[in-house]
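Chemist: Below is a structure I'd like to ask you about.
The values are calculated or read from the model by the stated rules, or taken from the named source; none is laboratory data. Please read all numbers here as calculations on a predicted model, not as lab measurements. In this analysis, Cβ positions are derived from the backbone assuming ideal geometry, glycine residues included, and neighbour counts consider all displayed protein chains.
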Amino acid sequence: METAGSSASAVPMRPTTGRSPVAAWKRTSPRSKRSSERWAEETGCIVEPGELIGAYAAPFKDDLVLLFECILASRGEWRPDAEIAEVSFMPPDGLPDDLTPRTRARIADAFSGVRGVVRVFEEEASATRA
């Protein structure tokens, strides 16, 4: 499956049993208390994690992102810091213009309702290797 504006391949994940990447992702998913605390620390939000939306790899950057559905349980106090300047909720058509094609693909997957997708991104034509 191609995503407009990016060169990525999508492969639906198949349910498996035993030791598999899917099982490993579920074992290390944001369902842990430590991950919930990190969400609260970075955003002021307490979330209930849901399903795995997808795994997104950018081998040219040595990058892997696991994206999970989250349900907002509550929102507490939050202040900007050196790492995060602002936290906000936006509709899909209200996102900042400067998002990367990889970020746009992940957000599009989340809003479209797909689950368990795997995308491997190729280096953008305008990007240069360091």
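Chemist: What number of residues in segment 55-113 are under 10 Å from the mean Cα position of the chain (by Cα) and of a type in the set (A, V, I, L, M)?
Modeler: Going through segment 55-113 one residue at a time, the tally reaches 8.
Chemist: Can you pull out the residues in segment 87-112 that are in a loop (DSSP other than H, G, I, E, B) and under 18 Å from Val47 (Cβ atoms)?
Modeler: Of everything in segment 87-112, those that are in a loop (DSSP other than H, G, I, E, B) and under 18 Å from Val47 (Cβ atoms) turn out to be Val87, Ser88, Phe89, Met90.
Chemist: Ok, one more. Go over the candidates Ser36, Ser74, Ser32 one by one and state the one that is exposed (fewer than 13 other Cβ atoms within 10 Å of the Cβ), modelled with pLDDT of 60 or more and either over 20 Å from Val114 (Cβ atoms) or of a type in the set (A, V, I, L, M) (or both).
Modeler: The match here is Ser74.
Chemist: So, in segment 44-66, of the ones that are outside any strand (DSSP E or B) and not aromatic (Phe, Trp, Tyr), which residue ends up surrounded by the most Cβ atoms within 10 Å (Cβ to Cβ)?
Modeler: Gly44
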